[in-house]
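The values are calculated or read from the model by the stated rules, or taken from the named source; none is laboratory data. In this text, all values refer to a predicted model and were calculated from it rather than measured experimentally. Backbone-built Cβ (ideal geometry, glycine too); neighbour counts: all protein chains shown. SASA here: full protein model, heavy atoms, side chains in, ligands and nucleic acids out. Shrake-Rupley method; radii C 1.70, N 1.55, O 1.52, S 1.80 Å.
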Amino acid sequence: MFHHTQAVLFDLDGTLIDSAPDLGAAADKMRTDRGLLSLPLDHYRPMAGAGARGMLGIAFGMTPDHPDFEAMKEEFFVNYENCMTERTRIFDGVVEMIARLVLQGMPWGVVTNKSSRFTDPLTSAMDLFATAGAIVSGNTTPHAKPHPEPLFEAARRLSVDPAHCVYVGDDERDIVAGLAAGMGTVAATYGYLGQQTDISRWNAHLHIDSPMDLLKFLQSA
């Protein structure tokens, strides 16, 4: 599956960047604005990969079927827009990993379910993404992950056959989408993973505990 890799695609939050502090802060501000006690980041971090749904679930125990969910989601989005580059950082090893891929002439890109409303300004503000050949957001195609279409779109933009792409992510949806697209799939165990997650059930081709592990595996393959 990895012997003929011609491009590497990555999920964004929890795979390349740790955005949990800003996502958590956006939700926590909603609590404190309502006179509720602040929650520690450790409460929010495991569900950061689930975006607004995850953050509102932690902050208020709210699910998408709640009558106020859409209004609360937009309030969360506005809060996040105002702080999304304040605490977000790149995971250790990612800068070196991407630099090595570029040095080797390996095209790379991003496929995220994050809306372009956030993806575009966030990636524009971080030098890491200057060499990305494709950045596909959750609203770039008619479907979001776990549908494979966003991955197909990234492969098209890189002019690489999907069968020669590897997709790296920290959520089960990433692996489901990668498998459906016929790509090599890599589960990043250092990411958010969700709560009570058994990643062995995702059926990813490979698990990595750090970004540099991916390079070691690609080199050995």
Quick one: what are the phi-derived ³J(HN,Hα) couplings along the range 182-189, Karplus 6.51/-1.76/1.60 with θ = phi - 60°, whole Hz, x for glycine and proline?
x, 9, x, 10, 10, 8, 8, 6
Can you list the residues, at least 5 places off or on another chain, whose amide H is less than 5 Å from the amide H of residue 90, using H built in the peptide plane?
18
By the gyration tensor of its Cα atoms, with a ≥ b ≥ c the square roots of the eigenvalues, what is the shape of the range 1-114: rounded for a/c under 1.5, prolate for a/b over b/c, or oblate?
prolate
What span do the alpha-carbon atoms of the chain cover on each of the three principal axes, reported in whole Å from largest to smallest?
55, 33, 31
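Taking the Cβ of residue 143 as the centre, find all other residues whose Cβ is under 11 Å away and add up their charges (Lys, Arg: +1; Asp, Glu: -1).
Details: positive: 145; negative: 149, 153.
Counting the neighbours of residue 143, the net charge comes to -1.
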Express the accessible area of the chain per residue in Å², computed with a 1.4 Å probe while the remaining protein chains stay in the model.
45
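Cβ under 15 Å from residue 34's Cβ, residue 34 left aside: what net charge do those residues give with Lys, Arg +1 and Asp, Glu -1? The partial results should precede the final answer.
On the way: positive: 29, 31; negative: 28, 33, 68, 75.
Taking every other residue near residue 34 into account, the sum is -2.
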Amide H within-cut-off set for residue 39, under 5 Å, with H built and near neighbours excluded
none
I'd like the distance between the alpha-carbon centres of the range 140-172 and the range 26-78, rounded to an integer number of Å.
28
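From the protein chains alone at 1.4 Å, what is the descending order of accessible area for 135, 208, largest first? Each step should come with its number before you reach the end.
Values: 135 45, 208 5 Å².
Most to least solvent-accessible, the answer reads 135, 208.
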Taking all protein chains in place and a 1.4 Å probe, what share, in percent, of the accessible surface of the chain do carbon and sulfur account for?
51
For the range 70-83, 3J(HN,Hα) per residue [Karplus equation, 6.51 cos²θ - 1.76 cosθ + 1.60, θ = phi - 60°, Hz, x = Gly/Pro]:
4, 5, 5, 4, 5, 4, 4, 4, 5, 4, 5, 4, 7, 9
Net charge near residue 173, counting Lys/Arg +1 and Asp/Glu -1 over other residues with Cβ under 14 Å of its Cβ?
-3
Per-residue HN-Hα couplings for the range 121-129, Karplus 6.51 cos²θ - 1.76 cosθ + 1.60 at θ = phi - 60°, whole Hz, x for Gly and Pro?
x, 5, 6, 5, 7, 10, 4, 3, 8
